[in-house]
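Following: one structure in structure tokens, then a few remarks.
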Amino acid sequence: MDLDSIECVSFSDGMDEDEIHLLHHHHSEFSSTKPRNGTTNHNNSVGPTVIAPATSVHELLECPVCTNSMYPPIHQCHNGHTLCSTCKTRVHNRCPTCRQELGDIRCLALEKVAESLELPCKYYSLGCPEISPYYSKLKHETVCNFRPYGCPYAGSECSVVGDIPFLVAHLRDDHKVDMHTGCTFNHRYVKSNPREVENATWMLTVFHCFGQYFCLHFEAFQLGMAPVYMAFLRFMGDENEARKYSYSLEVGGNGRKLMWEGMPRSVRDSHRNVRDSHDGLIIQRSIALFISGGDRKELKLRVTGRIWKEQQNPDARVCLPNLCS
């Protein structure tokens, strides 16, 4: 597609002498009993035990209501049935197994058992080799580099997740976004009724350069009481990788020019968070209409820019742009 012709319009988861084997609470998360990299624990020293799949201990640590792994405080009824603290409230203080009234009894023995265990990350099947103490597992999983990415398309409530190659194909085939190769861009945003800011669609274009993928967003929204337009770039990868790149944006016309330079934000950060942080080129509608020229009844904006990769110069100790031709 000719970049200059782009137009935006309106639309609303046996015990032996050395190891205890445990299956994580999501059975489907593990396809084998050891991590992908073949790492196993043959250390016979006293201490926390590396856990591989088995059912008995798994069942002890699984809440019978939500089926998630239980973390302190673990509650029990007078008959010894256990459940997690969240579900204790949900079942209105009645044991879901025997229907007896629940008091405030802690199952300290089970909490101690859990404290002695180590478990694979729930993203084991996606390649994560991490094995964490039971009580540290959830924290690791919130920042695990192998956790899937969410779809960066913000024009609909899309719940698709996956790795970057999968999401690139999803954006192209399901959301029909424009795909381009190269690190320079030249877009034209045209809107026949610029007063309809609330229903103005946003534009997403995916760029492939330096072996990575980037999402260019351009949209209209209300900033307080003022209608504005905003352009910003997101990196399809983790934040530490995003910092290796920079980009510039320029909007001009009618003898005027607005410029922005910054680092792309990772798609790990939600589209709304990036937009609400104002980390991009923001143009007030009045200025946008003035730049458009004409009778101010139609918005015509040209957004140009480029992406470059920062490379450290070991002699000068400064970052030099590695520009794409």
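The values are calculated or read from the model by the stated rules, or taken from the named source; none is laboratory data. Being a predicted model, the structure only gives us computed values, none of them experimental. Neighbour counts are summed over all protein chains in view; Cβ atoms, including those assigned to glycine, are modelled from backbone coordinates with ideal geometry.
Here are the numbers for this structure:
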| quantity | calculated |
| --- | --- |
| Positions within the stretch 129-149 being surrounded by fewer than 18 Cβ atoms within 10 Å (Cβ to Cβ) and within 16 Å of N68 (Cα to Cα), in sequence order | Y135, S136, L138, K139, E141, T142 |
| Filter result for G47 (on the phi > 0 side of the Ramachandran plot and either modelled with pLDDT of 85 or more or touching a Phe, Trp or Tyr at 6+ places or on another chain (Cβ under 9 Å) (or both)) | no |
| The stretch 181-201, residues that are modelled with pLDDT of 65 or more and either outside any loop (DSSP other than H, G, I, E, B) or closer than 16 Å to C215 by Cβ (or both) | T181, G182, C183, T184, F185, N186, H187, R188, Y189, V190, K191 |
| Close pairs from the stretch 158-184: first surrounded by 14 or more Cβ atoms within 10 Å (Cβ to Cβ), partner of a type in the set (D, E, K, R), Cβ under 7 Å, at least 6 apart | M179/R172; C183/R306; T184/R306 |
| From the options L233, L216, residue that is at pLDDT 85 or above, within 15 Å of R275 (Cα to Cα), in contact with a Ser or Thr (Cβ under 7 Å, 6 or more places away or on another chain) and of a type outside the set (G, A, S) | L216 |
| Conditions (1) modelled with pLDDT under 90; (2) over 30 Å from M225 (Cα atoms): number failed by E157 | (2) |
| Hits in the stretch 52-111 (condition: buried (at least 16 other Cβ atoms within 10 Å of the Cβ) and in a strand (DSSP E or B)) | A52, E62, S69, I74, H75, Q76, T82, L83, C84 |
| Residue tally, condition closer than 13 Å to S292 by Cβ, among the small types (G, A, S) and either surrounded by fewer than 15 Cβ atoms within 10 Å (Cβ to Cβ) or in contact with an Asp or Glu (Cβ under 6 Å, 6 or more places away or on another chain) (or both), over the stretch 246-271 | 2 |
| Pair list, Cβ under 6 Å, 6 or more apart: the stretch 252-273 residue within 30 Å of V160 (Cβ to Cβ), other residue β-branched (V, I, T) | R265/V274 |
| Among the candidates L171, L204, residue that is within 23 Å of R272 (Cα to Cα), in contact with a Gly (Cβ under 8 Å, 6 or more places away or on another chain) and assigned by TED's automatic domain parsing to the domain that holds R285 | L204 |
